[in-house]
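Here the structure is laid out as structure tokens; the discussion comes afterwards.
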Amino acid sequence: MDDGYLQQYVSLFEEFDVIGAFWVNIQLTVYAGILGLVLGTVLATMRISPVPSLRWAGSAYVTVFRNTPLTIIMVFCVLGLWGQLGWTLSPDFTTNFFRFAVVALTVYHAAFFCEALRSGVNTVPIGQAEAARAIGLSFLPAARLVILPQAFRGSVAPLGNVLIALIKNSTVAAAAGVAEAAGLMKTMIEFRPDVILAIFLTFAFGFVVLVVPVGMATTALSRRLAVVR
Amino acid sequence: MTDSPLFDTPGPRARRRMLWMNIVGALVVAGIGFLVLRAFAAKGQLDADLWNPFVGSRAWENFLLPGLKDTLKAAGISIVTASIFGIVFGIGRLSRSSLVRRVSGAIVEFFRAVPVLLMMIFFYLGIARLHVVEPADLPLVAVVLGLTFYNGSVFAELIRSGVHSLPRGQREAALAVGLRPTQSLRLIEVPQALIAMLPAIASQLVVILKDTALGSIITYPDLLDAARRLGSGDGNILQALMIAAGMFIVINYALTRLAGRLARRVGGRTAGRPRAEAPGLAVGPGAT
Amino acid sequence: MRTGRVVTALAAAAMLSLSGCSSSDDDDADSGSTGGASESSGGAQGTVRIGIKFDQPGLGFKDGDEYTGFDVDVARYVANELGYGEDQIEFVQSPSAQRENLLETGQVDMIFATYSITDKRKEVVSFGGPYFVAGQDLLVAADDDSIKGPEDLEGKNLCSVTGSTSAQRIKDEYATGTNLLEQPGYAECVTALTAGSVDAVTTDDIILAGLAAVPANKGKVKVVGNPFSEENYGVGLPKDSDKCEAINTAIKKMIEDGTWDELLADNVGASGYKANTDLNPPKPAACS
């Protein structure tokens, strides 16, 4: 009986490309992570900028996107931008939806990256900003050369948390028609309800393998990079 | 914010320039908005037929409000259970026994790494086979368990790092007046850590509320599910989802504001530094 | 056992009073029917839990406390024949992926949810019926005459739901150059279809007919009417169920007394869809 179960389990991997599905999640995470961090940095800069309208726009963005379920954003990207407005991000049909999923993950997590960075900005002592101004730097150079570099180092841990959330949230890309791990799990459970527990544990383990090293790495990094004060 | 340390108060020329930029910016945003709306109108998505259902009471009475009720119910229960889980394992991670510390640590790390959706599916399928829960309650139980284990783990981490953020004097003073270490933790440190972590806990509450939407996959009739059903029946799924998104934004925004206010009011009652971010994963600096 | 029932009843009562709407009993069969047809022990007592879809207009749809659709009406008729009154039926949401699980774990007593009888499924559950024979078909824009069957989809965009085999079948067997979009639900697919982003939506014809019958979609989409598979919709039952014979008797009676035609016309007739008369109405298969 045990032997049979194991065989059933192994046959799953021949039938379904589990590794390939997880690879899609990793790709989604990498692209959305980089783009989200860039957008998040811009937003964080806007939120501490001297221009009131930019500050307002930044916080409005964060309020809207942080409080909307990701699934809804995903559906809007596909059904709204592509389905109704006819925008395409790639001539290839499948790549197109992959990119829309990246866009949705990016705009959603940018709000969280922004908040993580802002918490990093709060760890920068006021003296640093005052010193930057004292030597004649205006806002953008001061932000670029003095505040943000220190803020990044101070916010490695919260940024890591957002990255971990991003890895797990990449499963929502199924709503955009991207063939990734959670969608595959659903398909596998539907076709092989006999080994349901094994399927679940496989996917759970896959995420633990992806997430825990990221968590440990960011923790170690945050300690190494922490600005000693 | 004119007293921000990051920049000088803008002078008259800078203010004039800002005004012009604002006007140009607003025009650009309005222009894009107009083009998008026109494109939607061209596809008939702004037709009154598709929006009218939300003016009447049927959409609200039969779909959106019951959905909202179920979302709030699952979120409410989960918040309570996750807090209990978090306090137990948060204290466990601070225990003097290295065994308790390690076990608590492993549990917390595992549940933080697994996507909530997977946990919900697992509990849903697993508990069904045990026959311990009334079938009608099963989706709710599975949703609550999934949310509890994940968010409870986050709470545990918050409590742990909150305790670590307290000045050492707090514990020393507690011990000095004759409290045992566990008493100090329970009576002095954890309460202060909770207050210090209130902003972070508040943002986690928003996460709980939004994550109830994952329950729709295991037949929990939450707000998102209700909106989707409404949209299926009336052929206006984009509009229904937009309304649902609006409801989520309003509720979550109110929740965040409320928690922020609370945090400011009780902020004076802690020696810790209030933090808005969940702490890092794995072992933090103070843990040995 | 007894207390369990009381708890269920109380929970159901609480649900009803909470949602603030009295359920209107405009059922088609009289709820006073005595348990004459009941062959199972104690069939007329307690409640029967019936799994249906909650999100498929025309087949199984939940609107507040009301349930509508062809599957729902057939389920009501059959349950009545088994001796259950209207107030003894409890509808449970049964999404495609959960149907075997719900039956195996005893969360539902029977399922009427576009449940095709297949050999693979027969390994884990039993089937009564079939009560309808559907076939995979295509839904296209009302003014689209270029798509007459799956072969015409070469190079076109096709939408179906995640984890469904029907779209994959087209790609494998008919038109390899089809672009496949998977969405969480059929309503999403129809939205993309009416906007012209996809050229066709595929699944069983009666499901498509239900979608086409939604007022907002009327006149915008049509079912091609060229089914290319045979899906026998059965009544899903737990493996050890003794209700199969009684259910088949009820289905036969429903077909003979004209109720079957009536229910079909009421629920999906508005789309102009006609069931495939070569195969419909079906003859219930022998119980295993």
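The values are calculated or read from the model by the stated rules, or taken from the named source; none is laboratory data. Computed from a predicted structure; not experimentally measured. We place every Cβ from the backbone using ideal geometry, glycine too, and count neighbours over all the protein chains shown. Just the protein is used for accessible areas: all its heavy atoms, side chains included, with ligands, DNA and RNA removed. Shrake-Rupley method; radii C 1.70, N 1.55, O 1.52, S 1.80 Å.
Things worth noting here:
- If the condition is being closer than 19 Å to C:Thr259 by Cα and among the hydrophobic types (A, V, I, L, M, F, W, C), then the stretch C:67-112 contributes C:Phe70, C:Val72, C:Val74, C:Ala75, C:Val78, C:Ala79, C:Leu82, C:Phe112.
- Summed over the stretch C:167-195, residues that are open to solvent by 10 Å² or more (accessible area, probe 1.4 Å), more than 14 Å from chain B (Cβ to nearest Cβ) and not polar (S, T, N, Q) total 8.
- Residue that is open to solvent by less than 50 Å² (accessible area, probe 1.4 Å), free of Cβ contacts under 8 Å to residues at least 40 places away in the same chain and within 28 Å of A:Pro213 (Cα to Cα), where the choices are B:Ser95, B:Ser104: B:Ser95
To keep it simple, each residue is scored yes or no on (1) crowded, with 23+ Cβ neighbours inside 10 Å; (2) outside the structural domain of C:Ala175 (by TED's automatic domain parsing).
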{"residue": "C:Ala200", "(1), (2)": "yes, no"}
{"residue": "C:Thr203", "(1), (2)": "yes, no"}
{"residue": "C:Ala212", "(1), (2)": "yes, no"}
{"residue": "C:Gly219", "(1), (2)": "no, no"}
{"residue": "C:Pro238", "(1), (2)": "no, yes"}
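- Scanning the stretch B:215-241 for residues that are under 16 Å from C:Gly60 (Cα atoms) and among the β-branched types (Val, Ile, Thr) returns a single hit, B:Thr219.
- Here is the figure for the stretch A:184-203: residues that are within 14 Å of B:Pro115 (Cβ to Cβ) and away from chain B (no Cβ under 11 Å) total 1.
- Residue within the stretch B:126-137 that is open to solvent by 40 Å² or more (accessible area, probe 1.4 Å), over 19 Å from B:Gly86 (Cβ atoms), of a type in the set (Lys, Arg) and within 13 Å of chain C (Cβ to nearest Cβ) present: yes
- Close pairs from the stretch B:15-34: first touching a residue at least 12 places away in the same chain (Cβ under 8 Å), partner surrounded by 10 or more Cβ atoms within 10 Å (Cβ to Cβ), Cβ under 7 Å, at least 6 apart: none
- Where a residue in the stretch B:253-275 is modelled with pLDDT of 70 or more and its partner, wherever it lies, is surrounded by 15 or more Cβ atoms within 10 Å (Cβ to Cβ) and in a loop (DSSP other than H, G, I, E, B), with Cβ under 7 Å and at least six apart: B:Tyr253/A:Asn67; B:Ala263/B:Pro274
- Any hit, the stretch B:142-149, residues being open to solvent by 30 Å² or more (accessible area, probe 1.4 Å), assigned to a helix (DSSP H, G or I) and away from chain C (no Cβ under 14 Å): yes
- Residue check for B:Gly178: within 14 Å of chain C (Cβ to nearest Cβ) and free of Cβ contacts under 8 Å to residues at least 12 places away in the same chain: no
- B:Ala26 vs. criteria part of a helix (DSSP H, G or I), surrounded by 14 or more Cβ atoms within 10 Å (Cβ to Cβ) and not assigned by TED's automatic domain parsing to the domain that holds B:Ala226: no
- Count of the stretch C:248-285 residues, restricted to those that are part of a helix (DSSP H, G or I), within 12 Å of C:Pro130 (Cα to Cα) and in contact with a Pro (Cβ under 8 Å, 6 or more places away or on another chain), is 4.
- Pairs linking a residue in the stretch C:242-263 that is under 15 Å from C:Met110 (Cβ atoms) to a residue that is open to solvent by 90 Å² or more (accessible area, probe 1.4 Å), with Cβ atoms under 7 Å and 6 or more positions apart or on different chains, are C:Glu245/C:Glu39; C:Ala246/C:Glu39.
A quick yes/no check of all residues on (1) assigned by TED's automatic domain parsing to the domain that holds B:Ile208; (2) open to solvent by 50 Å² or more (accessible area, probe 1.4 Å); (3) not hydroxyl-bearing (Ser, Thr, Tyr):
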{"residue": "B:Val55", "(1), (2), (3)": "no, yes, yes"}
{"residue": "B:Lys73", "(1), (2), (3)": "yes, yes, yes"}
{"residue": "B:Ala82", "(1), (2), (3)": "yes, no, yes"}
{"residue": "B:Phe85", "(1), (2), (3)": "yes, no, yes"}
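- A single entry from A:Thr41, A:Thr29 fulfils the requirement of being within 18 Å of A:Leu210 (Cβ to Cβ), part of a helix (DSSP H, G or I), at pLDDT 90 or above and open to solvent by less than 30 Å² (accessible area, probe 1.4 Å): A:Thr29.
- Selection from the stretch C:76-113 of residues that are in a loop (DSSP other than H, G, I, E, B), touching a helix residue (DSSP H, G or I) at 6+ places or on another chain (Cβ under 6 Å) and either of a type in the set (Ser, Thr, Tyr) or without any contact (Cβ under 8 Å) to a residue 12 or more places away in the chain (or both): C:Ser94, C:Thr105
- For the stretch A:60-105, the set of residues classified as buried (at least 17 other Cβ atoms within 10 Å of the Cβ) and among the polar types (S, T, N, Q) consists of A:Asn67, A:Thr68, A:Thr71, A:Gln84, A:Asn96, listed by residue number.
- Evaluation of A:Gly206 against the conditions (1) within 10 Å of chain B (Cβ to nearest Cβ); (2) crowded, with 23+ Cβ neighbours inside 10 Å shows that the sole unmet condition is (2).
- Looking only at residues in the stretch C:225-234 that are surrounded by fewer than 21 Cβ atoms within 10 Å (Cβ to Cβ) and assigned to a loop (DSSP other than H, G, I, E, B), the one that is farthest from the other protein chains (Cβ to nearest Cβ) is C:Asn226.
- Any hit, the stretch A:156-170, residues being free of Cβ contacts under 8 Å to residues at least 40 places away in the same chain and facing chain B (nearest Cβ under 9 Å): no
- Taken over the stretch A:106-131, the residue count meeting the criterion of being farther than 21 Å from A:Ser59 by Cβ and surrounded by 22 or more Cβ atoms within 10 Å (Cβ to Cβ) is 0.
- Among residues of the stretch C:215-227 that are free of Cβ contacts under 8 Å to residues at least 60 places away in the same chain, those with a Cβ under 8 angstrom from a residue that is open to solvent by less than 70 Å² (accessible area, probe 1.4 Å) and small (Gly, Ala, Ser), sequence gap 6+ or separate chain, pair up as C:Pro215/B:Gly235; C:Ala216/B:Gly235; C:Asn217/B:Gly235; C:Lys218/C:Ala212; C:Lys218/C:Ala270; C:Lys218/C:Ser271.
- Where strands (runs of 3 or more DSSP E) sit wholly within the stretch C:154-204, those with at least 3 residues that are of a type outside the set (Ser, Thr, Tyr) and over 21 Å from the mean Cα position of the chain (by Cα) occupy C:179-183.
- Among the conditions (1) under 13 Å from C:Pro284 (Cα atoms); (2) open to solvent by 30 Å² or more (accessible area, probe 1.4 Å); (3) more than 19 Å from the chain's Cα centre (by Cα), the only one that C:Lys252 does not satisfy is (3).
- Scanning the stretch B:164-190 for residues that are among the β-branched types (Val, Ile, Thr) and either over 20 Å from B:Arg93 (Cα atoms) or surrounded by fewer than 18 Cβ atoms within 10 Å (Cβ to Cβ) (or both) returns B:Val177, B:Thr182.
- Evaluation of B:Asn236 against the conditions (1) modelled with pLDDT of 85 or more; (2) surrounded by 20 or more Cβ atoms within 10 Å (Cβ to Cβ) shows that the sole unmet condition is (1).
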